[in-house]
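Asks: Here it is: the structure, laid out below.
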Amino acid sequence: MTDLTLTTRRERPFDPPETYARLRERGDVHRMRYADGHEGWLVTGYAAARAVLADQRFSNRPELAHPPLASRADLAEEIRSQEFEVPPGFFLRTDAPEHTRYRKLLTGQFTVRRMKQLEARIEEITEARLDEMEAAGGPVDLVDAFALPIPSLVICELLGVPYEERAAFQEDTKILVSLDARASDALAAIGRVFTYLYGLVSRKREHPGEDLLSGLIEGGELTDDELTGVAFLLLVAGHETTANMLGLGTYALLADPAQLAALRDDPSLIGNAVEELMRHLTIIHVGPVRTALEDVEIDGHLIRKGESVTLHLPVINRDPSRFPGGDRLDVTRPATGHLGFGHGIHQCLGQQLARAEMRIGFAALLRRFPGLRLAVPADEVPLRADMAIYGVHRLPVTW
Ligand code: HEM
């Protein structure tokens, strides 16, 4: 039996845990014991990770997967999933052909025209947050003032949440994405968000707008239950992830004056810097997790039907065979090809939107506050070590 288990505890704020980085030196694929005692696998190498994600003999259905981690975050998730079975429309956790149907409908909604409109709104939303920060004066918590509200308001735009309902909606989604909320509070918030989204779908049916939900309704292929599940997925997939990239990304830049100066000196580097921050920071601590539907050979290892495979994306995105010197943050490095948005059929549906939020968000923040700096010693920034998505709990800054 293997001794290897999974932990999210990191020795340094911007680097993955050393155990797994060292493991990668010994090979791409390793046996690992899961939280329920299952003998599954851990992937630490880039080539093997792409092979798993591209192979449809691996399933993403939740009822097949074993839990890789017995952390507080996973416990909370477990409690939630017992009360709330994966709803119809939550297509991330489905396989082809069910997944294909949803994915096609959704991809059709991310049109060039809609993305252009959204980008214009992201710019307005970002400037409004910066105005508020400036008026309040430093120090402020950048997570609360900037990193959380931007993706939250962008999801409101996408779903067409009316302006007067946004404050209440944001309050509930904030509880929902903070896994440190008490399980009972989180469950209550999930319930309210579901009820709200279901009502929103019904109203859009009566009075369609320009938003994505209205577009899906117009297509006429999805039931109200399915539309509610889709809306919920977009909310949970697009909110906490983007917020933590904005928070942790700013912290990483402030902690690395040379990289910050490089970006300030040449703002045209921003697109590249976003890719590099995605690669270097890789905020998905653990996973994706997949389960073999039949025996599959990966990198010379026989993965048997029913065995789960966990990808360690933070370590994979530093694989020196793909990213030489990958332990260094370098905003000039061509970082495309990283797996921070996944790969294969489930590759992030919202990646263009997420990139736009980060590009616009980081650039506007640095432009507005040329003297932006941490308001506490760097080692006092509280890190989300035991959350499903890594990042900072708070980021006190001043300028
Ligand atoms: C920096 C921010 C983001 C990161 C790091 C991220 C990361 C990911 C990853 C790794 C996956 C693949 C999961 C898997 O294979 O199991 C994924 C899927 C997904 N993401 Fe994102 N994401 C981000 C932002 C967004 C945004 C803004 C949206 C939508 C508004 C979004 C919507 C989705 C959806 C719907 C899926 C499921 C796709 C499918 O199953 O076909 N994500 N994301």
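Asks: Hey, does region 292-307 have a residue that's touching a residue at least 60 places away in the same chain (Cβ under 8 Å), within 16 Å of the ligand (Cβ to nearest atom), farther than 19 Å from Arg50 by Cβ and touching a strand residue (DSSP E or B) at 6+ places or on another chain (Cβ under 7 Å)?
Replies: no
Asks: Looking at His239, is it under 29 Å from Ala363 (Cα atoms), touching a Pro at 6+ places or on another chain (Cβ under 7 Å) and within 16 Å of the ligand (Cβ to nearest atom)? Steps first, please.
Replies: Working: under 29 Å from Ala363 (Cα atoms): yes; touching a Pro at 6+ places or on another chain (Cβ under 7 Å): yes; within 16 Å of the ligand (Cβ to nearest atom): yes.
Spelling it out, His239 is indeed under 29 Å from Ala363 (Cα atoms), touching a Pro at 6+ places or on another chain (Cβ under 7 Å) and within 16 Å of the ligand (Cβ to nearest atom).
Asks: Identify all residues within region 10-37 that are in contact (Cβ under 8 Å) with a residue 40 or more places away in the chain and in contact with a Pro (Cβ under 6 Å, 6 or more places away or on another chain); write none if there are none.
Replies: Arg10, Pro16, Tyr34
Asks: Can you pull out every residue in region 33-45 that is under 16 Å from Ile316 (Cα atoms) and of a type outside the set (Ser, Thr, Tyr)?
Replies: Let us first name the residues in region 33-45 that are under 16 Å from Ile316 (Cα atoms), namely 41-45.
Scanning region 33-45 gives Trp41, Leu42, Val43, Gly45.
Asks: Please note which helices (runs of 4 or more DSSP H) are completely contained in region 206-300 and include at least 3 residues that are crowded, with 16+ Cβ neighbours inside 10 Å and among the polar types (S, T, N, Q). Talk me through it step by step, then tell me what you get.
Replies: Numbers: elements: 212-219, 224-254, 257-265, 270-281.
Filter on region 206-300 gives 224-254.
Asks: Determine whether region 142-163 contains at least one residue that is surrounded by 20 or more Cβ atoms within 10 Å (Cβ to Cβ), among the small types (Gly, Ala, Ser) and either modelled with pLDDT of 85 or more or within 13 Å of the ligand (Cβ to nearest atom) (or both).
Replies: For region 142-163, residues surrounded by 20 or more Cβ atoms within 10 Å (Cβ to Cβ), among the small types (Gly, Ala, Ser) and either modelled with pLDDT of 85 or more or within 13 Å of the ligand (Cβ to nearest atom) (or both): present.
Asks: Further, regarding this structure: For region 61-79, enumerate the residues that are out of contact with any strand residue (DSSP E or B) (no Cβ under 6 Å at 6 or more places or on another chain) and at pLDDT 90 or above.
Replies: Of region 61-79, the ones out of contact with any strand residue (DSSP E or B) (no Cβ under 6 Å at 6 or more places or on another chain) are 61-63, 67, 69-79.
Within region 61-79, Arg61 is the sole residue that qualifies.
Asks: Take Gly340 and tell me if it is within 14 Å of the ligand (Cβ to nearest atom) and either surrounded by fewer than 21 Cβ atoms within 10 Å (Cβ to Cβ) or aliphatic (A, V, I, L, M) (or both). Break it down into steps so the answer makes sense when it comes.
Replies: Working: within 14 Å of the ligand (Cβ to nearest atom): yes; either surrounded by fewer than 21 Cβ atoms within 10 Å (Cβ to Cβ) or aliphatic (A, V, I, L, M) (or both): no.
No.
Asks: Is it the case that Glu119 is closer than 30 Å to Tyr251 by Cβ, open to solvent by 70 Å² or more (accessible area, probe 1.4 Å) and touching a helix residue (DSSP H, G or I) at 6+ places or on another chain (Cβ under 8 Å)? Don't jump to the end; show me each part of the working.
Replies: Working: closer than 30 Å to Tyr251 by Cβ: yes; open to solvent by 70 Å² or more (accessible area, probe 1.4 Å): no; touching a helix residue (DSSP H, G or I) at 6+ places or on another chain (Cβ under 8 Å): yes.
So Glu119 does not fit the description; no.
Asks: So for region 107-123 (the condition being within 18 Å of His239 (Cβ to Cβ), part of a helix (DSSP H, G or I) and away from the ligand (no atom under 14 Å from the Cβ)), does at least one residue qualify?
Replies: No, region 107-123 has no match at all.
Asks: Would you pick out the residues in region 350-385 that are open to solvent by 40 Å² or more (accessible area, probe 1.4 Å) and either closer than 25 Å to Gly287 by Cβ or among the small types (Gly, Ala, Ser) (or both)?
Replies: Answer for region 350-385, where residues must be open to solvent by 40 Å² or more (accessible area, probe 1.4 Å) and either closer than 25 Å to Gly287 by Cβ or among the small types (Gly, Ala, Ser) (or both): Gln352, Arg355, Ala375, Ala378, Leu383.
The values are calculated or read from the model by the stated rules, or taken from the named source; none is laboratory data. Just so we're clear, the structure is a prediction, and the values are computed from it rather than from any experiment. Here the Cβ is made from the backbone with ideal geometry for all residues, glycine too, and neighbour counts use every protein chain on show. Keep in mind that these areas ignore ligands, DNA and RNA; they rest on the heavy atoms of the full protein, side chains included. Shrake-Rupley method; radii C 1.70, N 1.55, O 1.52, S 1.80 Å.
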